[in-house]
1. Which of (1) in a helix (DSSP H, G or I); (2) free of Cβ contacts under 8 Å to residues at least 12 places away in the same chain is the odd one out, the single condition Ser163 does not satisfy?
2. Listed residues Leu145, Leu159; which is more than 26 Å from Leu316 (Cβ to Cβ), out of contact with any helix residue (DSSP H, G or I) (no Cβ under 6 Å at 6 or more places or on another chain) and aliphatic (A, V, I, L, M)?
3. Can you list the helices (runs of 4 or more DSSP H) lying wholly within the range 207-265 that have 1 or more residues being within 24 Å of Leu117 (Cβ to Cβ) and touching a residue at least 24 places away in the same chain (Cβ under 8 Å)?
4. Quickly run through the range 227-245 and pick out the residues that are crowded, with 18+ Cβ neighbours inside 10 Å and not hydrophobic (A, V, I, L, M, F, W, C).
5. On the basis of being at pLDDT 90 or above, buried (at least 17 other Cβ atoms within 10 Å of the Cβ), in contact with a Gly (Cβ under 6 Å, 6 or more places away or on another chain) and polar (S, T, N, Q), does Ser282 make the cut?
6. Just one of Ala154, Ala126 is in contact (Cβ under 8 Å) with a residue 12 or more places away in the chain and either closer than 17 Å to Thr221 by Cα or among the charged types (D, E, K, R) (or both); which is it?
Amino acid sequence: MSVQIAQHELQPHQRLGSPGRRRLLVIVLGLILLASLSWISLFIGSGGIPAHRVLSALSSWAAGDLPQGARDTTELLILERRIPRTVLAILVGAGLGAAGVVMQAMTRNPLADPGLLGVNAGAYSAVVFGSAFMGVTIGAAHVWLAVAGALVVAVTVYLIGTSGVMGGSPAKLVLTGVAIGALLSGISFAVTLLQPEVFDRVRFWSAGSLQGRSFDEVSATLPFLIVGLLIALLLPRALNALSLGDDAAVALGARPGLTRLAGLVAVTLLCGAATAAAGPLSFIGLMVPHALRMLIGPDHRWLIPLSLLAAPVLVLCADILGRVVVAAELPAGVVTAFLGAPVLIWLIRSRAVKNL
């Protein structure tokens with residue numbers, strides 16, 4: 001009986017074998033799913049293009065036998081819409097997954113998410129304001145606005161959430177982020193209602209859609225995502241120390257202030273670029289870190305790299321489901337919301353969150 005009770009009380013990641021075996025399993029499964037979903041994404045979409053036409057266009061493009069001027073409508077749809085859409089889904093997923101891991105580690109808060117802390121709302125609002133008052137159209141040019149908006153909100157939430165008598169408690173940071181995010185979302189919706197032309201420009205993007213994206217968006221967001229991911233990949237050891245508390249982190253030789261600053265820069269770049277590319281995609285940064293912790297434990301040396309596999313799988317899955325669930329395409333942001341809401345409810349009811 002005592003053995004059964006002890007086995008029951010083990011965490012999920014402790015019941016799945018050795019750490020090396022679990023990590024290898026996640027890597028292999030992630031690579032298989034990522035490759036499979038990326039391939040499927042090229043064959044599913046509007047137009048009902050037969051598989052042999054897709055294969056023919058991809059083969060000709062890979063061999064360099066398809067000049068720009070010689071492409072027909074089908075080839076243009078595959079090469080200039082489906083390929084960049086798939087690439088962008090992978091990049092956006094990687095950015096949001098890594099940002100979620102870093103955000104939760106910085107705040108030591110299992111509910112920390114770029115969406116819950118208002119970063120995505122800041123990027124979204126900046127794009128809406130730029131479209132309404134500066135004439136910026138949805139495309140590569142609005143990436144800078146999204147990053148700037150994410151930075152302003154991230155700094156504001158952090159300064160407010162860490163001030164006062166309570167300091168930077170997890171609940172205070174979440175409440176601050178939710179309040180500022182709700183305020184900015186309300187203002188943005190008011191702007192789009194008062195200016196219908198702005199609503200027409202941002203309505204598909206604001207739902208979190210990858211539809212109609214091109215290589216222009218890929219090239220515009222790629223530098224921000226690369227820099228943000230490089231910073232995030234340099235932080236695992238410092239984040240492991242920070243998870244023990246500031247005093248313990250200092251004793252281990254870490255610098256909590258510098259770690260949080262670097263993490264803030266990484267989250268801002270990743271969330272700003274991802275939101276600019278695909279619109280607000282909720283819950284990606286919340287679901288992926290928790291799923292990985294259940295499988296491999298809390299070591300950020302593995303959590304951050306593996307989030308670069310797991311989160312793109314989730315975004316690709318949501319994007320593909322959105323194409324096939326209804327006749328008119330369902331934005332990926334709507335699908336992730338349906339998936340993420342039950343996960344958030346489960347997290348709120350879990351023992352770890354009750355102890356906050």
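The values are calculated or read from the model by the stated rules, or taken from the named source; none is laboratory data. Since we're looking at a predicted model, the values are computed, not measured. Neighbour counts run over all protein chains shown; Cβ positions are idealised from the backbone, glycine included.
1. For Ser163, the failing item is (1).
2. Working: Leu145 fails: out of contact with any helix residue (DSSP H, G or I) (no Cβ under 6 Å at 6 or more places or on another chain).
After ruling out the rest, the residue left standing is Leu159.
3. Values: elements: 215-233, 236-242, 246-251.
In the range 207-265, 215-233, 236-242 are the helices (runs of 4 or more DSSP H) which contain 1 or more residues that are within 24 Å of Leu117 (Cβ to Cβ) and touching a residue at least 24 places away in the same chain (Cβ under 8 Å).
4. Gly228, Pro236, Asn240
5. Details: at pLDDT 90 or above: no; buried (at least 17 other Cβ atoms within 10 Å of the Cβ): yes; in contact with a Gly (Cβ under 6 Å, 6 or more places away or on another chain): yes; polar (S, T, N, Q): yes.
Taking the combined requirement at face value, the residue does not satisfy it.
6. On the way: Ala154 fails: either closer than 17 Å to Thr221 by Cα or among the charged types (D, E, K, R) (or both).
Matching residue, one of Ala154, Ala126: Ala126.
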